[in-house]
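Remarks on the structure that follows.
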Amino acid sequence: MPLALDGVRVVSLEQAVAAPLCTRHLADLGADVVKVERPEGDFARRYDSIVEGTSAYFVWLNRGKRSIALDLATPADRATFDALLGDADVFVHNLGPGAVERLGYGWGDAHARWPRLVWVCISGYGTDGPYRDRKAYDLLIQAEAALMSITGSPEASAKVGISLADIAGGVYGFSSVLAALRLRDRTGEGQRCEISLFDCLAEWMTVPLYYRMYGGWTLGRMGTRHNTIAPYGEYRCADGSVMLAVQNEKQWRAFCDVVIERPELIDDPRFRTNELRSRRRAELEAIVEEILASHARAEVEARLIAADVPFSTFNTVLELAEHPQLAARDRWVDVTTPTGTARAVRPPFETGTISARVGAVPGLDEHGAQIRRELEAKERR
């Protein structure tokens, strides 16, 4: 079956996480992604050597692409890069502030030369405003966007354990490209897409913002518990813990009646609504914890299933690697890397008969000669 983005050429001046995630998703859907690297390569190649000698981040973010190494300070390599952009549908970049503009490939210059080119900038703070020249890494954006103020325990803040700001930027970049290509189909014009990591997390912080702006309530750090819903989070049983998510009144009634066997709490005036339960969290959770602590986890999970109350297991990373749901749905696939073979989780999007492609992770400049031959052949035509 053809892939959704067969025939789409993407050229990317990318490094680290955000732009590589955007373009990897495009490659998964069939786009020909040409990853332009410095002669020394994307620095993410050297983060570690944990995957059979290759960086874990690089293996995750760069499969299905072709690599060419170019020094854009040299006329010959600039000419090659210009030829690549002249044959491209999408240009994605996430170099440091102003770098692409200094090279002469900012939106104005690029659009004047290649009017159909979709131009995608993924940056820390955007291309204007007082913070536009600040360097941005995931940790810094999590702090700047106040995410760390609501993440962690009451005693200490914490960053989210994955590169959340970068991932947000990559996913919004990916969706922006799809929208821009659709619009170009109608207008014939390339589009300017600007993704700011700070904007992404600021938008995702809307609920805490609303609580503060309209309710005067600053949401606190709650560890594994939810700061606006109760009971919700990790609760100890006699031999482990379960993660609960009681989100509506139907679930609350079933939880009280079947799981903790305290039906009188259903209409208790202290806990009748989620807002009341959240405000009187300490009283409620003391009751729940005392009851669950006297039962084995297996028994609690059986009651939760019988009551149709949402729950999950608090898994370790190793348990995720061995998760029966991933195995049953055939979510693992082997990926070729420059140093061996790695297992990878298949792309999460499935679109009916259109599947995703899981290509190899390229070595530095692995496809440089091939790409140059293609450009020369096109010029001769």
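Read-outs throughout are calculated quantities, based only on the coordinates presented, and are distinct from any laboratory measurement. Owing to the predicted nature of the structure, the values given are computational and were not obtained by experimental measurement. Every residue, glycine among them, receives a Cβ derived from its backbone with ideal geometry; neighbour counts consider all protein chains shown.
Once backbone amide H atoms are built at 1.01 Å from N, Cys237 has Val242 as its partners under 5 Å, excluding neighbours fewer than 5 places away on the same chain. Of all DSSP bridge pairs formed entirely within the chain, close to 45 percent run antiparallel. Note on the chain: with a GNM built from Cα contacts shorter than 10 Å, the maximum mean-square fluctuation among Asp166, Asp128, Asp42 falls on Asp128. Helix 164-187 and the long axis of the chain differ in direction by around 60°, with both axes built from C-alpha atoms.
Distance between Cα centroids, the range 160-195 to the range 251-270: provide it in whole Å. Taking the Cα centre of the range 251-270 as reference, the centre of the range 160-195 is 45 Å away. Give, rounded to the nearest 20 debye, the magnitude of the charge dipole that the range 232-313 has about its Cα centre when Lys and Arg contribute +1 at Cβ and Asp and Glu contribute -1 at Cβ. Magnitude of the dipole: close to 260 debye.
Once the chain from Trp217 to Arg113 is taken as fully extended at 0.36 nm per residue, the excess over their C-alpha distance is 32.3 nm. Across the range 203-208, rounded Karplus estimates of 3J(HN,Hα) from the backbone phi angles (6.51 cos²θ - 1.76 cosθ + 1.60, θ = phi - 60°) give 5, 5, 8, 4, 5, x Hz, Gly and Pro being marked x. Couplings for the range 376-381, taken from phi via the Karplus curve 6.51 cos²θ - 1.76 cosθ + 1.60 with θ = phi - 60°, read 5, 5, 5, 5, 5, 6 Hz in order; Gly and Pro are left as x. Counted residue by residue at 0.36 nm each, then reduced by the alpha carbon distance between them, the extension gain from Glu299 to Glu194 reaches 32.7 nm. The lysine pair count for the chain, using Cα distances under 27 Å and pairs eight or more places apart or on different chains, is 6. Relative to the longest principal axis of the Cα atoms of the chain, helix 75-86 runs at roughly 60 degrees. Sticking with the crude label model, points 7 Å out along Cα→Cβ, report the distance from Glu283 to Glu376 in nm, one decimal please. Using points 7 Å along Cα→Cβ, the separation is 8.1 nm. Angle of helix 281-292 to the longest C-alpha principal axis of the chain, folded into 0 to 90 degrees and rounded to 10: 80°.
Amide H contacts under 5 Å for Val361: Gly64, Thr336, Thr337, restricted to partners 5 or more places along the chain or on a different chain, H placed in the peptide plane at 1.01 Å from N. For Arg116, the residues whose modelled amide H falls within less than 5 Å of its own, excluding neighbours fewer than 5 places apart on the same chain, are Gly190. Using θ = phi - 60° in the Karplus curve 6.51 cos²θ - 1.76 cosθ + 1.60, the 3J(HN,Hα) couplings for the range 33-47 round to 9, 9, 8, 8, 10, 4, x, 8, x, 4, 5, 5, 4, 10, 4 Hz; x is entered for Gly and Pro. What's the center-to-center distance, using Cα atoms, between the range 297-316 and the range 58-122 in Å? So the separation of the two Cα centres works out to 50 Å.
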